[in-house]
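Notes to accompany the following structure.
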Amino acid sequence: MLPPSRTESHQLQPTHSRLRELGPKRQARRPMRLYIMRHGHAADSSPSGYDSDRPLTDEGRRHIERIGSRLHAHHGGHLRRILSSSYLRAAQTAEIMARTIAGPDVHLDHHEELHPDEPIPTMMLRRLLDHGTDALIVGHHPMVIAMLRLLTRDVAQLPLGLHPGMLVGLERIHRDKPQLPLEGSFNVSTILQP
């Protein structure tokens, strides 16, 4: 049994309105970048007994800090959007990543659509694509793998599994053509392992 939802946002506005506010800031010369990450290594249990309350381990935190530093060096700037499951281990992963890769104007949102065993959040992905917004999505196994398989043009480029703390970067060449389908519209650009 899951505890009541803890959906929260560090910028207290609905996600869809913030995506509109960021607007179609398309940069035709640079591809859209979407990073999909599995949360860091978590404790086997929580004091409450709820799976949603399992925190990152100390080792998991260190791994995420290293991945964040490597992503910041690779991305060459600050990400403005981080979307995460509200489960504690994913939320902690997103918060660590926000400190290491995001600027002061980061929008860090927690979404129930990114909880384990939820269907692929196609509406969320479509909004990101429609606005050409670079973003990091932090989720759970097996959804992160399903999202990568949906979005990637050549699934042979994907790792065989996505271990805790792993991140896969995707690039979409046609940032200025939001009407393209979700399926197969990205190429793998980065794979970072703790």
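Every read-out reported here was derived from the displayed coordinates using simple, explicitly stated rules and does not represent laboratory data. Please read all numbers here as calculations on a predicted model, not as lab measurements. Virtual Cβ from ideal backbone geometry, glycine too; neighbours counted across all protein chains shown.
If you wrap a convex hull around the alpha carbons of the range 57-108, what volume per residue comes out, as a whole number of Å³?
60 Å³
Under 14 Å from the Cβ of I67, count the other residues' Cβ atoms, weight Lys and Arg +1, Asp and Glu -1, and hand me the total.
Result for the local shell: +3.
Starting from the Cα coordinates of the range 81-194, work out the convex hull volume and express it per residue in Å³.
Hull volume over Cα atoms, normalised by residue count, gives 101 Å³.
Place the peptides 131-138, 39-46 in order of packing, highest mean first, counting for every residue the other Cβ atoms within 10 Å and averaging per peptide.
Highest to lowest by the protection proxy: 131-138, 39-46.
About its Cα centre, what dipole magnitude does the range 133-194 give when the only charges are +1 on Lys and Arg Cβ and -1 on Asp and Glu Cβ, stated in debye to the nearest 20?
60 debye
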